[in-house]
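Engineer: This is the structure, below, for whatever I ask next.
The values are calculated or read from the model by the stated rules, or taken from the named source; none is laboratory data. Given the structure is predicted, the values throughout are model-derived calculations rather than measurements. Here the Cβ is made from the backbone with ideal geometry for all residues, glycine too, and neighbour counts use every protein chain on show. Note: areas computed on protein heavy atoms with side chains; ligands, DNA, RNA excluded. Shrake-Rupley method; radii C 1.70, N 1.55, O 1.52, S 1.80 Å.
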Amino acid sequence: MRFDKDKKKSIIIYLLEKIDQGDSGISKAVSDVFSINQNTVHRYINELVDQGVIRRVKRNQYELINQMYEYHLTRSNGDLASDMYAFDTCLFQHIRQLPSNVQRIWSYTFSEMVNNVMDHSNAENLNIHIEQNYLKTTAVIVDDGIGIFKKIKDHFCFESLDDAICELFKGKLTTDTKNHSGEGIFFSSKMMDDFYIISDGKIFTINRYDNSIIKDIAARENDGTSVFMSLSNFSHKESREVFDLYANVDGGFVKTTIPMKNIFDSFPVSRSQAKRVCNRLEKFQEVIIDFDGLQWMGQGFAHQLFVVFANEHPEIRLTPVGMNDDIERMYTHVISES
């Protein structure tokens, strides 16, 4: 049986995703989902082996073949004078065959992260690791400069590195207002499938922690900052759509999301913790407070955030999402008592 080009592509991508996930019984799974016989699936597998997309590990077990590339840039050689030099030299050749929307996302995010190294880190060396297979492209950017969280902490006189990380989640944070908007990390983290920053023993990510990735990045890290970014080669995301999610009709950055699980090691309980979350929220019109992954919050935290701050700033809309029953009960309690 022959399929049109789009259906075969869908079968191939699903097949490779199952291989990447390490699922057993791949042939039957693909056969059942697409209502095709297993001989057709085996033919596709053999084609992928011949094309160098996958390799056979043992009988009925395969793995994707990754291509890896390493680049070393130095400031003294002039390599960090332009973010486009790094993009053109290190990344573009590996993504030029990908869909235009994927290229646009990579152009924005990669350039923003290299710009941060150029303008903020005082780094002499920048190491870039590109890893790519049929399904996704990954870039790891490692510099030897001032750690990003320490730079933010010292510039704004925050009490801790955690305070600096909390501010990064909100966006509109930069140590150089003359040349930067403070939006690059915020929007890059939303566009990528996976986005991690590790520095000074701390991590910034909107994703759930993947310990294998964290261990790999930590092994690369020196005294500076490591950024890990990964995106599907077949992503349907559009950079413009991501910007529009957080903008008003005039294109201004007016909306932000704060993932509670990525800020607090334990449950948020105190007023001081809430005040940390509230810092600089007056820069936004709407703030989404995401409780997904948390089981509970304290009365003091809830009252400070949803009553005290809300009453002081009625022009700002606070929108809690991802609440379980316990958190919703506490939220309802402090709102009803106010």
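Engineer: Want the number for Ser232 to Thr319: 0.36 nm per residue separation, take away the alpha-carbon distance, what's left?
Structural biologist: The span from Ser232 to Thr319 would gain 28.3 nm if fully extended.
Engineer: Kirkwood Rh, region 17-147, all Cα pairs: how many Å?
Structural biologist: 17.2 Å
Engineer: Taking 7 Å along the Cα-to-C-beta vector as the label spot, tell me the Arg55-Ser35 distance in nanometres, rounded to one decimal.
Structural biologist: 3.8 nm
Engineer: Sorting Asp83, Asp200 by accessible area (1.4 Å probe), largest first, what list results?
Structural biologist: The most accessible residue leads, giving Asp200, Asp83.
Engineer: Still on this structure: Does a label point 7 Å from the Cα of Asp6, set along Cα-to-beta-carbon, have any residues of region 44-71 with amide nitrogen under 11 Å, and which are they?
Structural biologist: Within reach of a label on Asp6: no residues.
Engineer: Using just the alpha carbons, could you tell me how many Å³ per residue the convex hull of region 32-71 encloses?
Structural biologist: Normalising the Cα hull of region 32-71 by residue number yields 94 Å³.
Engineer: Which order do peptides 118-125, 45-52 fall in by mean Cβ count within 10 Å, highest first?
Structural biologist: Sorting 118-125, 45-52 by mean packing, highest first, produces 118-125, 45-52.
Engineer: Further, regarding this structure: Can you send over the carbon and sulfur percentage of the accessible area for the chain, probe radius 1.4 Å, protein chains only?
Structural biologist: 46 percent
Engineer: Could you state the accessible area per residue of the chain in Å², with a 1.4 Å probe and every protein chain left in place?
Structural biologist: 49 Å²
Engineer: Could you pull the accessible area for Arg104 with a 1.4 Å probe, rounded to 10 Å²?
Structural biologist: 110 Å²
Engineer: Related question: Using a 1.4 Å probe and ignoring any ligands, DNA or RNA, find the accessible area of Lys170 and quote it in Å² to the nearest 10.
Structural biologist: Probe radius 1.4 Å; accessible area of Lys170 about 0 Å².
Engineer: Compute the helix-to-body angle for 211-220: its Cα long axis versus the longest principal axis of the chain, expressed 0 to 90° and rounded to tens.
Structural biologist: It works out to around 90 degrees.
Engineer: Once you have the Cα-Cα distance between Glu70 and Lys283, take 0.36 nm times their residue separation minus that, and quote the gain in nm to one decimal.
Structural biologist: 72.7 nm
Engineer: Follow-up question, since we're still on this one. Ordering His236, His129, His313 by accessible area with a probe of 1.4 Å, largest first, what comes out?
Structural biologist: His236, His313, His129
Engineer: Another one. Which label marks the calculated value of mean projected area of the Cα convex hull in nm², given the options (1) 18.4; (2) 20.4; (3) 16.2?
Structural biologist: Computed from these coordinates, mean projected area of the Cα convex hull in nm² corresponds to label (2).
Engineer: Taking the Cα centre of region 1-142 as origin, sum charge times position over the Cβ atoms of Lys and Arg (+1) and Asp and Glu (-1), and report the length of that vector in debye to the nearest 20.
Structural biologist: 920 debye
Engineer: Can you give the angle from 0 to 90° between the axis of helix 5-20 and the longest principal axis of the chain, with both taken from C-alpha atoms, to the nearest 10?
Structural biologist: Computed tilt is about 70 degrees.
Engineer: If you fit an axis through the alpha-carbon atoms of helix 100-116 and take the longest principal axis of the Cα set of the chain, what angle between them do you get, 0 to 90°, nearest 10?
Structural biologist: 50 degrees
Engineer: Quick one: Cα centre-to-centre distance for region 27-74 and region 104-153, in angstrom?
Structural biologist: One Cα centre to the other: 30 Å.
Engineer: Among Tyr62, Leu294, His155, which residue has its Cα furthest toward the positive end of the charge dipole of the chain, with +1 on Lys/Arg Cβ and -1 on Asp/Glu Cβ?
Structural biologist: In the chain, that residue is Tyr62.
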